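Each remark here refers to the structure printed beneath this line.
Laboratory data are not the source of any read-out in this text; all were calculated from the coordinates shown. Model, not experiment: these values are computed from the prediction. Cβ coordinates were reconstructed from backbone atoms using ideal geometry, including for glycine residues, and neighbour counts include every protein chain displayed.
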Ligand SMILES: [Zn+2]
């Protein structure tokens with residue numbers, strides 16, 4: 001039998017991926033694209049935090065954070081940190097422990113883990129105490145300059161994405177809509193652009209309500225301005241991180257046809273055709289730069 005045939009049979013025989021496998025692949029995709037965007041565009045960000053290429057989560061044994069994945073070519077990969085390693089301390093300070101009553105839930109704990117990592121690396125490099133099986137290793141890790149935004153996947157059925165100044169959130173349901181990493185990058189770059197441009201603070205300072213009444217009248221016009229600015233900057237962010245800019249208008253044209261924009265459809269966004277035209281015009285500008 002040809003090797004390809006054997007591989008084909010093996011693949012056909014393997015069980016379908018579990019929900020945990022699917023979520024892990026989604027987490028790694030978002031971490032990789034997020035890492036590319038925040039490192040390539042570090043110079044555009046007023047608020048920075050070191051990026052390491054570590055994707056952390058719960059560990060199989062114990063309450064310290066475990067390494068879910070290490071992005072290829074990242075600082076963490078360079079010093080030999082590996083999946084399933086358990087990070088016990090940084091710079092001699094213990095990592096926050098899951099289940100500590102100080103954290104109301106697992107996401108509060110994960111936020112504290114990332115804060116501890118950022119603080120430990122703020123001055124440059126730091127020594128991590130890592131548990132690997134029966135061994136404890138000391139590894140010196142230094143991050144690379146990056147925007148301070150962190151990327152998370154929210155477990156909701158709604159098709160949406162958002163940015164709050166610190167985080168970019170994308171709903172799990174959105175993943176069925178993406179045909180490529182470039183399209184996923186388009187959404188993450190748009191939300192990252194909101195954070196870089198400090199849109200939440202800008203709208204708060206203008207007294208713009210983003211609630212139910214934010215979608216009509218003068219508030220809507222102000223929000224729409226931020227949406228246009230985020231779309232425009234998102235293309236530069238994609239381009240500089242090595243993603244294909246045309247994926248943005250392609251995604252939105254297809255998404256609108258299918259969902260009529262879904263929850264993105266309100267007075268705060270340009271409607272479909274105009275948005276796609278604006279994105280295409282901006283691509284020409286970025287390419288001519
Ligand atoms: Zn937006």
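If you build a Gaussian network model of the chain, linking Cα atoms that sit under 10 Å apart, which residue out of 179, 116, 47 swings the most?
Greatest mean-square fluctuation among the candidates belongs to 179.
Can you tell me the 0 to 90 degree angle between the C-alpha axis of helix 181-196 and the longest principal axis of the chain, rounded to 10?
80 degrees
Calculated from DSSP H runs of 4 or more alone, at -39500 (n - 2.57) each and per residue, what is the 222 nm mean residue ellipticity of the chain, nearest 500?
So the helix-based figure for the chain works out to -14500 deg cm²/dmol.
Two decimals is fine: what is log10 I(q)/I(0) at q = 0.09, 0.17 Å⁻¹ for the chain, from a Debye sum with one equal scatterer on every Cα and no solvent?
Each listed q maps to, in turn, -0.50, -1.39.
Subtracting the Cα-Cα distance from 0.36 nm times the residue separation, let me have the gained length for residue 206 to residue 273 in nm, one decimal.
Extra length from residue 206 to residue 273 when fully extended: 21.2 nm.
For the stretch 39-114, what does the relative contact order come out to in percent, with C-alpha contacts under 8 Å and a separation of six or more? Don't skip to the end; give the middle numbers.
Details: 98 pairs, mean separation 17.6, N = 76.
Over the stretch 39-114, the number comes to 23 percent.
Using the Cα atoms of the stretch 150-288 to build a convex hull, what is its mean projected area in square nanometres?
With every direction weighted equally, the projected area is 8.0 nm².
In the Gaussian network model of the chain, springs joining C-alpha atoms below 10 Å, which of 51, 61, 77 carries the largest mean-square fluctuation?
Fluctuation is largest for 61.
Compute a Gaussian network model of the chain, connecting alpha carbons closer than 10 Å, and tell me which residue from 22, 153, 130 fluctuates the most.
Highest fluctuation of the listed residues: 22.
How far apart, in nanometres, would the label points at residue 152 and residue 114 be if each is projected 7 angstrom from Cα along the Cα-to-Cβ direction?
With each label point 7 Å from Cα toward Cβ, the separation is 0.7 nm.
Quick check: the angle from helix 272-288's long axis to the longest principal axis of the chain, C-alpha only, nearest 10 degrees?
On a 0 to 90 degree scale, this one is about 70.
With the cut-off at 1.5 for a/c, could you classify the stretch 21-165 from its C-alpha gyration tensor as rounded, prolate or oblate? Intermediate results must be reported in sequence, preceding the final value.
Working: a/c = 1.45, a/b = 1.15, b/c = 1.26.
It is rounded, given that a/c, with a ≥ b ≥ c, falls under 1.5.
Could you compute the FRET efficiency for residue 127 and residue 46, with r as their C-beta to C-beta distance and R0 at 35 Å, rounded to 0.05?
0.75
Compute the long axis of helix 247-259 from its Cα atoms, compare it with the longest principal axis of the Cα atoms of the chain, and write down the angle in degrees, 0 to 90, nearest 10.
That works out to roughly 70 degrees.
State, as an integer percentage, the relative contact order of the chain based on alpha-carbon contacts under 8 Å between residues 6 or more apart.
In percent, rounded to a whole number, it is 16.
So what's the gap between the Cα centers of the stretch 7-78 and the stretch 118-139, to the nearest angstrom?
Value for the Cα centre distance between the two parts: 18 Å.
Pulled fully out, how much extra length does the chain show between residue 79 and residue 285, if you take 0.36 nm times their separation in residues and subtract their Cα-Cα distance?
Result for the pair: 70.2 nm of gain on full extension.
Before anything else, pin down the relative contact order of the stretch 150-288: Cα pairs under 8 Å, at least 6 apart, normalised by residue count, whole percent.
About 23 percent, as a whole number.
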